[in-house]
Amino acid sequence: MKVLRCYGIYLFFFSLLGAFFGEPSAGPSVPLTKPVDSPWFLSAELALSLPKYKILDTRSSLPRLKNKVSGAILLSWEDLSRTETPNKGDLLELKLVRKKLNDLGLKQDDNVLVLGDGNSGWGEEGRIVWSLREAGFRQTYWIDGGYSSYEKQIQKKTNPKPETLALTSHFAKNKTSVSAAIFKEEILKGLPSKQHQILDTREPREFTGATPYGESRGGHIPGAKSFFYQELFDAKGNIKSKSEVEVYLKQLGIQKEKPIVAYCTGGVRSAFVVGILRTYGYNAYNYAGSMWEWSNDPKLPLETGN
């Protein structure tokens with residue numbers, strides 16, 4: 001796996017030591033400067049080196065039944081989200097999210113590992129990590145490669161490398177609180193000046209106008225670029241390296257210094273993309289309401305076609 005296993009990526013994270021900072025979000029305002037954030041996903045080797053971690057299993061039902069994870073807490077992204085129109089897909093009020101997580105036995109200073117379906121899923125693991133981090137559970141990470149990577153690492157039972165131990169020690173000290181959320185009002189306000197770089201992380205057919213998942217209207221937010229989330233997986237089902245993702249973004253004309261807004265249908269695939277982009281140093285934000293919310297308001301503009 002290319003992410004976090006090669007020495008170059010280790011150096012990337014070491015370069016962030018002592019630089020993690022941030023202030024609590026004061027509403028939907030998105031800063032123009034790039035936030036410094038801890039990684040949102042980890043290799044199985046690095047993840048299982050974290051001390052006293054808890055596992056959230058957000059996989060779909062069949063994989064969970066086929067390959068049970070002992071001691072794992074079952075949680076779906078819907079458990080922490082609103083279900084009513086026009087707010088379907090939005091994160092629940094943060095105090096309610098915290099209560100739900102506390103009731104599951106999670107505390108804000110816990111190391112939390114999230115298992116998802118990987119490239120066979122919809123990015124639920126990214127949505128869960130985004131949700132928990134918004135609620136102040138900053139030491140939450142998803143395992144790159146999903147269950148198969150997790151199982152292989154469990155079977156290896158190898159001692160972590162020295163650089164791995166150093167990184168996990170640093171993660172445990174990271175107490176930053178940087179919001180990765182944005183709301184429709186700010187997106188709409190920024191459209192005329194193109195304040196944000198907007199990524200539509202849905203399938204290309206959805207981008208051009210198809211509505212297979214319950215959108216009220218078809219199309220995409222004006223100025224958005226099609227950025228299908230599956231493009232971020234390599235042939236082995238792991239997340240592509242930082243350099244590969246950067247090349248892809250440059251081809252789309254995405255600048256690293258300018259704020260990025262990602263959306264999909266209900267903020268799941270987009271949260272997954274935001275987690276990867278933030279891990280790689282981009283100033284990215286998830287629009288949780290996404291097309292369920294945007295398309296429901298006839299006053300909000302949409303474009304169709306490529």
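Computed from the coordinates by the stated procedures, all read-outs in this text should not be read as laboratory data. Quick caveat, the model's predicted, so the values are computed rather than measured. Cβ: placed from backbone, ideal geometry, glycine included. Neighbour counts: every protein chain shown.
Here are a few things to note about the model shown:
- Sorted by Cβ density within 10 Å, fewest first, the residues ASP200, ASP57, ASP144, ASP103: ASP103, ASP57, ASP200, ASP144
- Taking the fewest neighbouring Cβ atoms within 10 Å as the starting point, the ordered list for ASP110, ASP297 is ASP297, ASP110.
- For the range 90-119, the set of trypsin sites (Lys or Arg not before Pro) satisfying both a DSSP loop assignment and a count of at most 16 other C-beta atoms within 10 Å is given as LYS107.
- Prolate/oblate/rounded call for the range 184-294, Cα gyration tensor, a/c under 1.5 rounded: oblate
- Size descriptors for the range 38-173, from the alpha-carbon set: Rg then Dmax equal 14.8, 50 Å.
- What the phi angles of the range 293-306 give under the Karplus curve with 6.51, -1.76 and 1.60, with θ = phi - 60°, is a coupling list of 7, 4, 6, 6, 9, x, 7, 8, x, 9, 10, 10, x, 7 Hz, glycine and proline written as x.
- FRET E, pair LYS236, THR208, Förster distance 30 Å, beta-carbon r, rounded to 0.05: 0.50
- In range of the label at LEU104: residues from the range 132-152 whose backbone nitrogen is under 18 Å from the point 7 Å along Cα→Cβ: 132-144, 146-147
- Of all aspartates and glutamates in the structure, the ones whose alpha carbon falls short of 14 Å from that of LYS68, not counting any fewer than 8 places away in one chain, are ASP57, ASP117, GLU151.
- Packing-based exposure ordering (other Cβ within 10 Å, fewest first) of LYS152, LYS299: LYS299, LYS152
- Lysine pair count for the range 184-294 [Cα-Cα under 23 Å; pairs on different chains or 8 or more apart]: 23
- Close amide H pairs (under 5 Å, H built 1.01 Å from N) link ILE260 with GLN197, ASN283, ALA284, TYR285, residues at least 5 positions away or on another chain.
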